[in-house]
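So the structure is just underneath, and the comments pick up after that.
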2 protein chains.
Amino acid sequence: MSSGNGDQGGARTLTPQREAILQVIRESENHMTASEIFEAARRVLPSISYATVYNSLKYLKEAGLVHEISFGNGASRYDRETERHDHAICTSCGKLADFDLTVTKELVRAAVRKTRFKPESLHLTLRGLCPDCRE
Amino acid sequence: MSSGNGDQGGARTLTPQREAILQVIRESENHMTASEIFEAARRVLPSISYATVYNSLKYLKEAGLVHEISFGNGASRYDRETERHDHAICTSCGKLADFDLTVTKELVRAAVRKTRFKPESLHLTLRGLCPDCRE
DNA sequence: ACCCTAATTTAGAATTATTCTAATTCCAGG
DNA sequence: CCTGGAATTAGAATAATTCTAAATTAGGGT
């Protein structure tokens, strides 16, 4: 809650638990839920707790190392924050896919003009039928 | 149950409950959670149940009458599906704002090319600091 | 009219998802 | 060593959502 956190007295960094969770997310092929992450992390750190998973995810999010996405159904999912990218979600089977479009500066500028937000990132979400469902 | 209701029955229709929920969403200024919708709907249909809210929201979503959005924190939110529009979310206070950019056909085409999805809609999400938080 | 059937609503239980609490551990500095 | 703060843990508590089973509704046939 305190603002302006300093680095006094041995500031905590990437603890083993946080590192394990980050590792799990980075090694995963797909977007994992917190409970999937918990199961995977527990295989390398058997004593890890659920709360630590959520705490660590929060920490890693704030550190910009992972990214949280959620799309209505079920639990939030997490992916490695490689770089800005976009998501496509199948309205039939719920499958999620990543893709990447170069978001033009003009697009960001236009969004900022409409919202007066100080921009951090702009993401696209494509809703539609995935290749498997489009038949 | 209430007596003397309309002409609903054994086929997929806009039942009084669904209509009430749609009304609530359409009359609301902001994006409501399911529990807020439940509270509001109950004021006009006191016997309505939580399950019906969720069932109706699902129905209305599939009918394209309402739209569900969720952004990691807390519950899903619902807004009237007026027309395609975009969302801005404040990374500091969580505030959600609507805006609208003309999504160019080229952008959709490019997204389709990358994902091979059959497109239904393309939404933009701007993350950043809202006017109140940007100081 | 009267029964049959299918869709829907209802109440509440059950299941998930996430956050909170309190006790404990770990580590760096004095 | 001792102390204090951050992190972890287990499990309880809360919140969000889905499920179940019984009751209700009305349309369509007979």
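Quick look at the numbers
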{"read-out": "Segment B:71-95 and segment A:34-92: distance between their alpha carbon centers, rounded to Å", "value": "20"}
{"read-out": "For A:104-116, mean number of other protein chain Cβ atoms within 10 Å", "value": "5"}
{"read-out": "Sum of side-chain charges, residue A:132 neighbourhood, beta-carbon under 15 Å (Lys, Arg +1; Asp, Glu -1)", "value": "+3"}
{"read-out": "Given A:58/A:118; A:105/B:95; A:61/B:61; A:118/B:58; A:58/B:118, the pairs whose alpha carbons are separated by over 26 Å", "value": "A:61/B:61; A:118/B:58; A:58/B:118"}
{"read-out": "Net +/- balance of residues flanking residue A:111 in space, Cβ distance below 13 Å, scoring K and R +1, D and E -1", "value": "+2"}
{"read-out": "Helical mean residue ellipticity (222 nm; -39500 (n - 2.57) per DSSP H run of 4+; nearest 500) of the protein assembly as shown", "value": "-10500 deg cm²/dmol"}
{"read-out": "Separation of the residue A:55 and residue A:105 label points, Cα + 7 Å toward Cβ, nm", "value": "4.3"}
{"read-out": "Highest-MSF residue in chain A out of A:52, A:125, A:104 [GNM, Cα springs under 10 Å]", "value": "A:104"}
{"read-out": "Directionally averaged shadow of the protein assembly as shown, computed from the convex hull of its alpha-carbon atoms, nm²", "value": "18.7"}
{"read-out": "Geometric extent, Cα atoms of chain B - Rg, Dmax (angstrom)", "value": "17.8, 56"}
{"read-out": "Selected from B:33, B:91, B:102 as most flexible by GNM, with chain B as the system and alpha-carbon contacts under 10 Å", "value": "B:102"}
{"read-out": "Separation in nanometres of the label points that stand 7 Å from Cα toward Cβ, at residue A:114 and residue A:19", "value": "4.5"}
{"read-out": "C-alpha long axis of helix B:105-115 to longest principal axis of chain B, angle in °", "value": "90"}
{"read-out": "For chain B, size of Cβ-based charge dipole, Lys and Arg +1, Asp and Glu -1, in debye", "value": "640"}
{"read-out": "Residue with peak Gaussian network fluctuation, chain A [Cα springs, cutoff 10 Å], from A:94, A:64, A:74", "value": "A:74"}
{"read-out": "Position residue B:30, label points 7 Å along Cα→Cβ, spacing to each other copy in nm (shortest first, one decimal)", "value": "3.6"}
{"read-out": "Distance between modelled label sites at residue B:44 and residue A:73, nm, 7 Å Cα→Cβ extension", "value": "3.0"}
{"read-out": "Integer Hz, Karplus 6.51/-1.76/1.60 couplings in order for segment B:83-92, x for Gly and Pro", "value": "7, 3, 7, 10, 10, 10, 10, 7, 6, 9"}
{"read-out": "Principal-axis tilt of helix B:50-62 within chain B, Cα atoms, nearest 10 degrees", "value": "50"}
{"read-out": "Ratio of the Cα radius of gyration of segment A:51-121 to 2.2 N^0.38 Å, where N counts its residues", "value": "1.32"}
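Values quoted throughout were computed directly from the atomic coordinates according to the rules given, and no laboratory measurement underlies them. Quick caveat, the model's predicted, so the values are computed rather than measured. With ideal geometry, Cβ positions are generated from the backbone for all residues, glycine too; neighbour counts draw on all protein chains shown.
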